[in-house]
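Bear in mind that the values in this text are calculations on the coordinates, not laboratory data. Computed from a prediction, not measured in an experiment: that's the story for all the values here. Glycine gets a Cβ as well: all are built from the backbone with ideal geometry, and neighbour counts include every protein chain shown.
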Amino acid sequence: MEREPMSSDDRPEAAAAAAAESVQEQPQPLEWRFAQVFGERAAGEDVQEVDIISAIEFDKSGDHLATGDRGGRVVLFERTDSGDSASRRELEGQDYPVARHPEFRYRTEFQSHEPEFDYLKSLEIEEKINKIKWCQTTNNALFLLSTNDKTIKYWKVQEKKVKQVSVMNLDTSQSSGNGSTSSLGTNSCKDLPNGGCSEKLYHPNNNMSFPPGGCASLRLPVVVTGQDLNHVARCRRVYAHAHDYHINSISNNSDGETFISADDLRINLWNLEISNQSFNIVDVKPANMEDLTEVITCAEFHPTHCNTLAYSSSKGTIRLIDLRQSALCDNHAKLFEEHDAPGSRSFFTEIIASVSDIKFARDGRYILSRDYMTLKLWDLNMDSGPVATFQVHEYLRPKLCDLYENDSIFDKFECCLSGDGLRVATGSYSNLFRVFGCAPGSTEASTLEASRNPMRHQVSNPARPTRTLTSLTRAVRRGGENTSVEANGNSYDLSTKLLHLAWHPTENSIACAAANSLYMYCA
């Protein structure tokens, strides 16, 4: 019997080539570089509390960026670079296309929230912006939601042409002694048609005088619309009086019509067009508050499925709920949690397990969660445990008692994913942030500083993955001080922490907040 010829797929050379190709497909570690900074602080300059950035958010297109601060202000930035900005001669002279990183410029700012006082509860409501979320753009106008602890506001920002008064149609035939206009007209009337009295006239300005008997007609100034554009922010709706506890998150639905707001014990569903009514969809408040064992820490809608949302808890769990199951979603569709090893629990176990932030991947397949010590990546199809765990600052585990004394253990760090889902990022202390590769087999782990030289704290020994993920080994001094020391002798400050950051939706660009400064990096 004649043997069939070996196919190209069965040859050893082809198998080796395929293996080499699979290795080459592994994404290479990114080389991050400084791109821009807004509000950079000078050496020795004190930072005002109201100027500290408390929220960062890109819109879906990546062309706009919004930040909120503790003073209740929202600042908008817009992208200025374009792929067509280079001339044809410049493009023809290039051997290969030059990668352009996003460049942004300041667009406008407005006061979103003011400090308030709840007289019924004797409670001060600070103006700090907790979250910002972009809504769908229509008619070249930008829409966004912003919230403080109690009130959510829906804002519309658009460009309007500036109107100016160009001609004052005053009769200058008569003048008063000081040279100003003294008459609006020469005609007089004894009986005014509108019932006015001809003997008692109102003088709004000392520089103007009316003739006896009043004016026969009123002459208006001419208003001309100029070419100058001005950004105008207008509050369309206010969603208030729906939360007894502090709002920790808001999230837009993919249907473009509804959004959710979450506090410690409840999640409410709103319609953007209705501000005086919301529906409670999750309520974890027990009948007796002494039986309370966990609180809601974050909630977010699925990016494409309008009926699905996830929320995290202080026990380190993530619950996926389906709005189609019931009006009040007391029962979750899926529960994601990682069980502790036997004998490993301590007083701090539940504190550091509390999830401070969750984010869906752009395709909705994965959820990224951040607790105090780690980043965890969860697959929606596998609820037995996370598919990847990244140690952010494992060096702090022996010093949890000191961190508890100075309240650093309660810091809430945010997390973000790249648009392609291949990398994740989160903040740490000393204005550092970590970037990890989450593709299968990836050992990428970068440590960058929010400064003009981001690679200053780059990992010194990237060859060993176990060392890369826990490279910032440092100890906290006793006595409640905020200074800590890394194993190689570099000093770190626990009071400078990078809590807020966001990844551009389509490009490898990260915006992060260090106190009152907004830093942007690209790769």
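Which residues' amide hydrogens lie under 5 Å from the amide hydrogen of Ser517, considering only partners 5 or more residues apart or on another chain, with H built in the peptide plane?
Long-range HN contacts for Ser517: Ile53.
Please work out the Cα convex hull volume for region 247-403 and give it in Å³ per residue.
Each residue corresponds to 135 Å³ of Cα convex hull volume.
Could you compute the net charge surrounding Cys415? Neighbours are other residues with a C-beta less than 15 Å from the C-beta of Cys415; K and R count +1, D and E count -1.
Summing Lys/Arg as +1 and Asp/Glu as -1 gives +3.
Using amide H atoms built 1.01 Å from N in the peptide plane, name the residues 5+ places from Lys150, or on other chains, whose amide H lies under 5 Å from its own.
Ile247
Pull up all non-local amide H partners of Thr374: gap of 5 or more, or a different chain, and H-to-H distance under 5 Å with H placed in the peptide plane.
Counting only residues 5 or more places away or on other chains, the set is Val392.
Counting Lys +1, Arg +1, Asp -1, Glu -1, what net charge surrounds His339 among other residues with beta carbon under 15 Å of its beta carbon?
-3
Could I have the simple spin-label model distance between Val222 and Gln158, label points 7 Å from Cα toward Cβ, reported in nm to one decimal?
Each label point is offset 7 Å from its Cα along the Cβ direction, giving 2.8 nm.
I need the phi-derived Karplus couplings for region 275-282: 6.51 cos²θ - 1.76 cosθ + 1.60, θ = phi - 60°, integer Hz, Gly and Pro marked x.
The phi angles translate into 9, 9, 8, 9, 10, 7, 10, 9 Hz.
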